[in-house]
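First the structure, in the form of structure tokens, and then the observations on it.
Read-outs: derived from the displayed coordinates by stated rules, not from any lab. Remember, it's a predicted structure, so these values are computed and weren't measured experimentally. Positions of Cβ are backbone-derived with ideal geometry, glycine not excepted, and every protein chain shown enters the neighbour counts.
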Amino acid sequence: MIGIVMNVRVKTDRGNEFTRLVTQLQADVRKNEPEVPVFQVLRSDDGPLLFVFVEVFATEAAHAAHPDMPYHQTMAAAGWACVEGQPEIRRFTALSSDHLEGASL
């Protein structure tokens, strides 16, 4: 499993537009990408212009295919136009028994 956590800050005048776009994206991913068991967009309680994406992909193929989905392509330019600066993106790997103390990394 591959986990992605992305922090995004949105331009002051674009919060509602971004919310509309990512809410639709979230619904589309959940409906059409069965190998994405988690796709959740969160808005900060401390700052309504800060969003966090939490994405979990079952396979590398699912992760690679995600940005090429038609609904993702449709909203991408408009979504990125709402973003202020560069997003902070981190990739994670799901833990397994191989990660227990004493196992080689």
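Arranged from highest to lowest average of other beta-carbon atoms within 10 Å per residue, in what order do the peptides 87-94, 22-29, 61-68 appear? Working shown, then result.
Numbers: 87-94: 10.8, 22-29: 15.9, 61-68: 13.4.
Ranked from most to least packed, the peptides come out as 22-29, 61-68, 87-94.
Any idea what the alpha-carbon Rg over 2.2 N^0.38 Å comes to for the chain? Intermediate values should be presented prior to the final figure.
Numbers: Rg = 15.3 Å, N = 105, 2.2 N^0.38 = 12.9 Å.
Cα-based Rg divided by the globular estimate yields 1.19.
Would you calculate a helix-derived [θ] at 222 nm for the chain, using -39,500 (n - 2.57) for each DSSP H run of n ≥ 4 and dividing by the full residue count, to the nearest 500?
On the way: 3 runs with 37 residues, N = 105.
Computed mean residue ellipticity for the chain: -11000 deg cm²/dmol.
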Over all distinct Cα pairs, what is the inverse of the mean 1/r for the stretch 30-78, reported as the Kirkwood hydrodynamic radius in Å? 12.1 Å
Taking Cα atoms only, helix 70-82 is inclined relative to the longest principal axis of the chain by an angle, in degrees rounded to 10, of 60 degrees
Can you tell me the 0 to 90 degree angle between the C-alpha axis of helix 15-32 and the longest principal axis of the chain, rounded to 10? 40 degrees
Which peptide among 45-57, 74-86 comes first, and what is the full order, when sorted by highest mean count of other Cβ atoms within 10 Å? 45-57, 74-86
